[in-house]
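Working notes, structure below.
The values are calculated or read from the model by the stated rules, or taken from the named source; none is laboratory data. A quick note: this is a predicted structure, and the numbers were derived from the prediction, not measured. Here the Cβ positions follow ideal geometry from the backbone for every residue, glycine too, while neighbour counts run over all protein chains shown. Keep in mind that these areas ignore ligands, DNA and RNA; they rest on the heavy atoms of the full protein, side chains included. Shrake-Rupley method; radii C 1.70, N 1.55, O 1.52, S 1.80 Å.
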Amino acid sequence: MQAVSFAGCIFSYELGVDSSPFLEFEKEIQVQTKPSVLKVPEWRRTRFTWRQLLLWCVTAGMFTAIFVNAAVAAKASADDDKKAVAALDAEYQAAVKKNDAATMDRILADDFVLVTGSGKTHTKADLLADARSGNPPYEHNDELEKTVRVWGDTAIVTVKLWEKGIDAGKPFDHTFWFSDTYVRTAAGWKYVFGQSSLSLPKTP
């Protein structure tokens, strides 16, 4: 570029002409030959290395595994609670059938209340007194259908119950729906509330 500029100056000097056109020509050549500086967007300047990508994938996988394991554990815990409450309710009904007051006392909460289809209410003390009264054991106190649902520390057992036996010298034989509410306590699941329907019509 210096050679071009020098030759242009000599040529203009020898011819006695104005050198300004040659200076303009020199500037134009400099502009065209000067490497351009491109402005790269900020997002294109950041590049992920393979190590960064691998770290991201491992982290995402760990969080996914944690969430999946938590969901599986929650489902397993709910299933375990259902089995525990179902077994406890079956144990209670077996105790009622045999007039086993000790087992009934262990399962019933101290503030237990039973509401029958006729509107009568019975406390834990009432049921234990009935079991200790010397009445003959039930011939049947069987769960024909049963569903257990659990919401955290509360469980509800919906059961179709068949009772048959003798109460105060009078025979009885009826089937009705029962809802048993259990609550998880520091001492385990406790039967806190029961509600029964009226006796169902006899099936032919």
Beta bridges by DSSP in region 94-204, antiparallel share as percent, to the nearest 5 | 90 percent
Probe 1.4 Å - accessible area at residue 145, Å² to nearest ten = 90 Å²
Largest-first ranking of 146, 124, 160 by accessible area, probe 1.4 Å, whole protein assembly kept, is 146, 160, 124
How much solvent-accessible surface does residue 197 expose, in Å² to the nearest 10, with a 1.4 Å probe and all protein chains in place?
-> 40 Å²
Whether region 55-186 is rounded, prolate or oblate, judged on the alpha carbon gyration tensor where a/c under 1.5 counts as rounded | prolate
Cβ-placed point charges (K, R +1; D, E -1), dipole of region 104-163 about Cα centre in debye, nearest 20 | 100 debye
Over 21 Å (Cα to Cα) - which of 146/190; 98/120; 97/170; 170/202; 164/190 fall in this group | 98/120; 164/190
How high is the FRET efficiency between residue 80 and residue 53 when r is their beta carbon distance and R₀ equals 35 Å, given to the nearest 0.05?
-> 0.30
Could you order 100, 111, 180, 81 so the one with the most accessible surface comes first? Probe is 1.4 Å.
-> 111, 100, 81, 180
How much of the accessible area of region 103-170, probe 1.4 Å, is carbon plus sulfur, in whole percent?
-> 51 percent
Cα gyration tensor shape of region 120-169, rounded if a/c is under 1.5, else prolate or oblate by comparing a/b with b/c | oblate
Can you grab the distance from the C-alpha centre of region 185-204 to the C-alpha centre of region 122-156, Å, no decimals?
-> 6 Å
